[in-house]
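What follows is a short report on a single structure.
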Amino acid sequence: MQASTFKVRVDAIRDEAQGIRSFRVSRVDGQPFDKYEPGAHIDVTAPSGITRQYSLCSDPDSNDHLLFAVKREPESRGGSRSLHDEVEIGGELLIGPPRNLFRLVHEAQFHLLVGAGIGITPLLSMAYRLESSSQPFVLHYFARSEEHAAFLSLLSQQRFAGNVKLHFGVEPGDLGTELRSCLADAQSGTHVYTCGPTPFMDQVVAIGESTKSIAEVLLERFSAAPIEPSTSSFEAFDVKVASTGQVIRVVKDQSIVDALATIGIEIDTSCGEGICGTCMVDVVEGTPEHRDHCLSKAEREGSKVICCCVSRSLSPLLVLDI
């Protein structure tokens, strides 16, 4: 089951870099969009019928339009390819409401944004908010070349240029050194926000977590990383519905979402890979085995929420707030 959707009109399409195209949309009914926090993403249903998640890269303080960008993936199963090949100005799309699992930390002393390739998209909305609210930040953007760097004209504008550092053509073997240089001068209380290819983010996280002045590293994934082997001794476990007392067994190779559906309880899902956070549910009792890619380290350690499409249990019983 997917969250509610609504129709939007495509007002503008722009090639931002090689293989990256942006889409500016407005509501068909003429109403403004609801306000959203920087770092949010939306579900977009392509003409092919496939739904994927894309970060919003427009100014979060403007509610007359939304902007998202899509990288054409060579191995596309019909999502990015359909949006690139079949969408025209004036056409309509179905999108979902903004959701956010990648928020700015308001109490941070300094914000360090580190992106690569299409990973610039959620960081743009953060840059808009940080600049407009006069909060200190630096945005480091890595790309293969200038031709592969999206939104360069925007990042070169006076409002952003002084806060943006561009890194083109960094060889894989030199990436660690370059990232350590970016993070080395971080002042105490700095929060790092990163988005890009998984190997890139893994290095940002490793370097950030080993840098004493950095308080936390937050990240946004576009695809699921390989799931690590389970640490649980429970191939099967029980899930209890707090509101009704119903208990259902979740067997091996079955998701919590699918198990609950057998007793008529439907949990909203979208990506099915633990990326988008649509299926997050509060945990009343029990210890989740987090196998998602969207919860922060602090949220995982708190064990108060679980992504029901992929995660399992480290205890024989999970009580969920549904």
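The values are calculated or read from the model by the stated rules, or taken from the named source; none is laboratory data. For clarity, every value in this text was computed on a predicted model and none was experimentally measured. Cβ: placed from backbone, ideal geometry, glycine included. Neighbour counts: every protein chain shown.
Restricting the search to segment 146-180, which residues are among the hydrophobic types (A, V, I, L, M, F, W, C) and in a helix (DSSP H, G or I)? Answer for segment 146-180, where residues must be among the hydrophobic types (A, V, I, L, M, F, W, C) and in a helix (DSSP H, G or I): 152, 154, 155, 160, 161, 175, 179. Of all residues being among the small types (Gly, Ala, Ser) and buried (at least 22 other Cβ atoms within 10 Å of the Cβ) in segment 179-223, which is farthest from the chain's Cα centre (by Cα)? Just the residue, please. Looking at residues that are among the small types (Gly, Ala, Ser) and buried (at least 22 other Cβ atoms within 10 Å of the Cβ), I get 208. Consider residue 39 carefully, then state whether it is part of a loop (DSSP other than H, G, I, E, B), crowded, with 16+ Cβ neighbours inside 10 Å and either without any contact (Cβ under 8 Å) to a residue 60 or more places away in the chain or not hydrophobic (A, V, I, L, M, F, W, C) (or both). Yes; evaluated as a whole, the condition is true for this residue.
If you go through segment 96-145 and pick out every residue that is surrounded by fewer than 22 Cβ atoms within 10 Å (Cβ to Cβ), outside any loop (DSSP other than H, G, I, E, B), out of contact with any strand residue (DSSP E or B) (no Cβ under 7 Å at 6 or more places or on another chain) and not basic (Lys, Arg), you end up with 3. When every residue of segment 211-223 is checked against the conditions, none turns out to be assigned to a helix (DSSP H, G or I), in contact (Cβ under 8 Å) with a residue 24 or more places away in the chain and within 30 Å of residue 300 (Cα to Cα).
Taking (1) modelled with pLDDT under 95; (2) surrounded by 15 or more Cβ atoms within 10 Å (Cβ to Cβ) in turn, residue 6 satisfies each apart from (2). Selection of strands (runs of 3 or more DSSP E) fully inside segment 240-322 by the criterion of at least 3 residues being under 30 Å from residue 94 (Cα atoms), modelled with pLDDT of 85 or more and not polar (S, T, N, Q) returns 280-285, 305-307.
For residue 50, the conditions (1) of a type in the set (A, V, I, L, M); (2) out of contact with any Cys (no Cβ under 8 Å at 6 or more places or on another chain); (3) in contact (Cβ under 8 Å) with a residue 40 or more places away in the chain are fulfilled apart from (3).
Can you find a residue in segment 270-283 that is of a type in the set (Asp, Glu), more than 19 Å from residue 97 (Cβ to Cβ) and crowded, with 22+ Cβ neighbours inside 10 Å? Scanning segment 270-283, I find no residue that is of a type in the set (Asp, Glu), more than 19 Å from residue 97 (Cβ to Cβ) and crowded, with 22+ Cβ neighbours inside 10 Å, so the answer is no.
When segment 64-94 is limited to residues that are more than 17 Å from the chain's Cα centre (by Cα) and of a type in the set (A, V, I, L, M), the one that is surrounded by the fewest Cβ atoms within 10 Å (Cβ to Cβ) turns out to be 89. The sole residue among 17, 46, 40 that is of a type in the set (Gly, Ala, Ser) and more than 21 Å from residue 160 (Cβ to Cβ) is 46.
Of all residues in segment 76-103, those that are within 15 Å of residue 23 (Cβ to Cβ), free of Cβ contacts under 8 Å to residues at least 24 places away in the same chain and polar (S, T, N, Q) total 0. Within segment 11-36, restricting attention to residues that are buried (at least 16 other Cβ atoms within 10 Å of the Cβ) and within 23 Å of residue 271 (Cβ to Cβ), the residue that is nearest to the chain's Cα centre (by Cα) is 36. Look at segment 6-32: where a residue is within 20 Å of residue 150 (Cα to Cα) and a partner is in a strand (DSSP E or B) and among the polar types (S, T, N, Q), sitting 6+ places away or on another chain with Cβ atoms under 7 Å, you get 11/26; 14/22; 16/22.
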